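Accompanying notes for the structure given below.
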Amino acid sequence: MTQQTSSNIQNNAQTNAQTNKQALVLGATGGVGGEVARLLMQRGWQVTTLHRNPDQVKDKTAAHIWVKGDVLVQDDVVQAAAGKSVIVHAVNPPGYRDWEKLVLPMIDNTIAAAQASGARILLPGTVYNYGPDAFPLIAENASQFPITKKGKIRVELEHRLRLASSKGVKSLIVRAGDFFGPKAANNWFSQGLVTPGQPVSVVRYPGSDGVGHQWAYLPDVAETMVRLLEREKELGSFARFHMEGHWDHDGKQMVAAIGHVTAQPALKASWFPWPVFALLAPFKQTLKEMLEMRYLWRTEVKMSNQALVDFLGEEPRTPLDVAVRTSLAGLGCIKRNASYESSVPDARNFGITPNHDRA
């Protein structure tokens, strides 16, 4: 790429950030993509999403414009991103499957689209990137020596973003703990701890007793991401931030919150079927991939949000009981309570500085 071309891309990005509130969201039918898309629209952005079968999407509240296309087809992504100032790359292969085949081609296409449009890439990061050498408290600049296949793929993904930043393609990575929320169906909370559509009678907790775990309420994650995007001029070309979210210091606070919300104060964590996973893993790829992540439930891993608080002044954080109640209602585990929800301040207005509140 010539120096002039690189300069043009940087100028386009700066112009877009200042005058153009248009975003392309890849993965808008997923948890984090959908939350970010809806919040961007509330903030006055025009949101476009790319989907292979938009006519089959029942809930189209996550975008103004639905475009037919495939994130694995570079021309589709480039065309959909034309004129946008942000590309939200919130797409992953479902069920942990085929990461080695799909993850890197997808980010390559997003990088190409950002290069053509001058958009900044927003990426929800993972803790998979880090190995035991970085534990237990992880800062953004910690070394990345993962011990899993998925972790190595994510390290390479972010390496490509860093290389692209030297060519004028800006990116923003926001890393958080395990997601949960009212519209988040594919995560440990909804597929492990509780069963969607059923009253809570038992909580199957995958973690080891006494080991802390980090949770991230998706509306808070979206709020954090959008607040950062709204300060585009102050972001570096390769910006990274970690969220603290809800830190469960002994693995019991999330279960206690579920018990409190469902009026079952004696609710305790029950046995999680890890042995069954091990038996079925040779025949079920998803279970095999989930087993690879078991180390994150056996080891205390916490990301420091100091850089985020230094930049924003606070981390948006909804009180745990409110977040759990809203999540369980959204999953159909408890009845929605309109009077309660209307009495609770907007979750995005809760700003709590670090270490003042722990779940």
* Asked: Among (1) under 24 Å from residue 285 (Cα atoms); (2) open to solvent by less than 10 Å² (accessible area, probe 1.4 Å); (3) more than 19 Å from the chain's Cα centre (by Cα); (4) not small (Gly, Ala, Ser), where does residue 100 come up short?
  -> (2)
* Find the residue count for segment 35-64, including only residues that are under 19 Å from residue 113 (Cα atoms) and either open to solvent by 70 Å² or more (accessible area, probe 1.4 Å) or acidic (Asp, Glu) (or both). => 2
* over 30 Å from residue 161 (Cα atoms), assigned to a helix (DSSP H, G or I) and either open to solvent by less than 60 Å² (accessible area, probe 1.4 Å) or not basic (Lys, Arg) (or both): does that describe residue 322? -> yes
* Structure fact -> residue 194 vs (1) within 28 Å of residue 322 (Cα to Cα); (2) open to solvent by 10 Å² or more (accessible area, probe 1.4 Å): all pass except (2)
* Structure fact -> Counted residues in segment 106-145 being among the small types (Gly, Ala, Ser) and open to solvent by 30 Å² or more (accessible area, probe 1.4 Å) come to 3
* Structure fact -> Of those in segment 275-287 that are more than 22 Å from the chain's Cα centre (by Cα) and surrounded by 13 or more Cβ atoms within 10 Å (Cβ to Cβ), the residue nearest to residue 193 (Cα to Cα) is 277
* Looking only at segment 252-274, and only at residues there that are open to solvent by 30 Å² or more (accessible area, probe 1.4 Å) and aliphatic (A, V, I, L, M), the one that is farthest from residue 208 (Cα to Cα) -> 263
* For residue 170, state whether it is under 22 Å from residue 241 (Cβ atoms), among the basic types (Lys, Arg) and within 20 Å of the chain's Cα centre (by Cα). => yes
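The values are calculated or read from the model by the stated rules, or taken from the named source; none is laboratory data. Keep in mind it's a predicted model, so treat the numbers as computed, not measured. Cβ coordinates were reconstructed from backbone atoms using ideal geometry, including for glycine residues, and neighbour counts include every protein chain displayed. Ligands, DNA and RNA are stripped out before the accessible areas are found, and what is left, the full protein with its side chains, is counted by its heavy atoms. Shrake-Rupley method; radii C 1.70, N 1.55, O 1.52, S 1.80 Å.
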